1. Can you name the residue in region 376-408 that is part of a strand (DSSP E or B) and closer than 12 Å to ALA354 by Cα and is also least open to solvent (accessible area, probe 1.4 Å) among such residues?
2. What number of residues within region 200-227 are acidic (Asp, Glu) and closer than 14 Å to GLY243 by Cβ?
3. Of all residues in region 1-33, count the ones that are open to solvent by 40 Å² or more (accessible area, probe 1.4 Å), assigned to a loop (DSSP other than H, G, I, E, B), over 18 Å from GLY50 (Cα atoms) and in contact with a helix residue (DSSP H, G or I) (Cβ under 6 Å, 6 or more places away or on another chain).
4. Among the residues of region 144-161 satisfying the criterion of being of a type outside the set (Phe, Trp, Tyr) and open to solvent by 10 Å² or more (accessible area, probe 1.4 Å), which is farthest from LEU41 (Cα to Cα)?
5. Here are some conditions: (1) over 30 Å from GLU274 (Cα atoms); (2) aliphatic (A, V, I, L, M); (3) out of contact with any Phe, Trp or Tyr (no Cβ under 9 Å at 6 or more places or on another chain). LEU29 meets all but one. Which one does it not meet?
6. Looking only at region 325-357, which residues are free of Cβ contacts under 8 Å to residues at least 12 places away in the same chain and either at negative phi or of a type in the set (A, V, I, L, M, F, W, C) (or both)?
7. Is one or more of the residues making up region 2-13 touching a residue at least 24 places away in the same chain (Cβ under 8 Å) and closer than 19 Å to GLY177 by Cβ?
8. Within the group ALA66, ALA76, ALA58, which residue is hydrophobic (A, V, I, L, M, F, W, C), over 23 Å from the mean Cα position of the chain (by Cα) and more than 19 Å from ILE311 (Cβ to Cβ)?
Amino acid sequence: MTLPTLADFEDAAEVLRGIITRTPVDQSLHLSELLGVPVFLKLENLQRTGSFKIRGAAYRLSRLTAEERARGVVAASAGNHAQGVALAAQRLGIPATIFMPLGVPVPKLLATRGYGAEVVLEGATVETPLRLAAEYAERTGAVLIHPYDHRDIIIGQGTLGLELMDEVPDLDTVILGIGGGGLIAGVAAAVKARAAAVGREVRVIGVQAANSAAYPSSLAAGHPLEVATTPTIADGIAVARPGDVPFEIIKELVDDVVTVTEDDIARALLVLLERAKQVVEPAGAVGAAAILAGKIEPRGTTVSVLSGGNIDPLLLQRVVAHGLAASGRYMSLRIPLPDRPGQLARVSELLAQAGANVIEVLHTRHGQGMQISEVVLQLSVETRGADHRAQVIKTLEDAGFIATVVPD
């Protein structure tokens, strides 16, 4: 396919002026110290609708003919694309129907309905809504607005790349999450075209959740492959097969694709919350996760795009707890004790000596495999990191107790 040109992205930026927010960048001193080069965060989590998706959706809808607008639009999404299409359709007076999976986070569902779209909930993953949306378009004549597999969507998303080049003139490396590939395809084409115009080069690195990583094998094969996926907290980039249109651009322009684990993502969310004061959804945090996990080779001024901030508060609560555990700052211990007075006090004394803070205690005589003369103490303990966590366990073991860490 013919790559989008710099003029394409500049024209799209003009169309989107007044519709999208020009989101800021903010330097992360913590990530800069870790990577050894200046690291900035592109705060697209502060974008209208809470993610970059409004860029592609609004540009795509702006290009529809009057006849197409009259037929209405239909889309499928786990949440962010849904909100982008719904808001863009509302602004243009276009009827919108959105298919979403049953487990979609409540804030994304309510926001999509709040923008005036008709929402249909069906399927466990986004693959089912995608199929149903295509069938709906065939049946009704509504225009299908694909979340990533369309040139106009990619050009709209690529306007983010123009902002990066304006906001960080010495930009050397961009790190972005990849789902279907629309965002990174657009940004890679835009930043490399703008950089080439002034005789510079910019490296573009994509990041996928290891549980849903279709791009590494697809790039190795040279064409899109469908892969088996397992659940990931980064539901916004959980796509089993790359999009055909973005894949061709990514194959040509993206320099590397790396993967991160669920623990990596949870840890990144916690770091962004504590150090950058940014609420980010898991899919939006994978770039920071790659830096924290040592997956990025430092090369010049670097920007990690925080692509969205639409996270369910209940999920945030669970992820923060998981991130604390992954960072060695929280653990649950199971300790069998002789059923005699003073044992609980002794364990408490040892934990105090080790400087651990007890959050919760469960003391029970009931459980499989326990002797009649035995009780089990289960403790939730706050620690200061991996080294301190190991020290706490050693303190207990040196005193003769068997302390087993309960998986999070």
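1. Checked region 376-408; the qualifying residue least open to solvent (accessible area, probe 1.4 Å) is VAL381.
2. Final tally of qualifying residues: 1.
3. Counting residues in region 1-33 that are open to solvent by 40 Å² or more (accessible area, probe 1.4 Å), assigned to a loop (DSSP other than H, G, I, E, B), over 18 Å from GLY50 (Cα atoms) and in contact with a helix residue (DSSP H, G or I) (Cβ under 6 Å, 6 or more places away or on another chain) gives 2.
4. The residue in question is LEU144.
5. If we test LEU29 against (1) over 30 Å from GLU274 (Cα atoms); (2) aliphatic (A, V, I, L, M); (3) out of contact with any Phe, Trp or Tyr (no Cβ under 9 Å at 6 or more places or on another chain), just (1) comes out false.
6. Passing the criteria: ARG340, PRO341, ALA345, SER348, GLU349, ALA352.
7. Checked against the condition, which is being touching a residue at least 24 places away in the same chain (Cβ under 8 Å) and closer than 19 Å to GLY177 by Cβ, region 2-13 yields no hits at all.
8. ALA66
The values are calculated or read from the model by the stated rules, or taken from the named source; none is laboratory data. Predicted, not measured: the structure shown is a model, and the values here were computed from it. Cβ atoms come from the backbone with ideal geometry, glycine included; neighbour counts cover every protein chain shown. Calculation scope for accessible area: heavy atoms of the full protein, side chains included, ligands and nucleic acids excluded. Shrake-Rupley method; radii C 1.70, N 1.55, O 1.52, S 1.80 Å.
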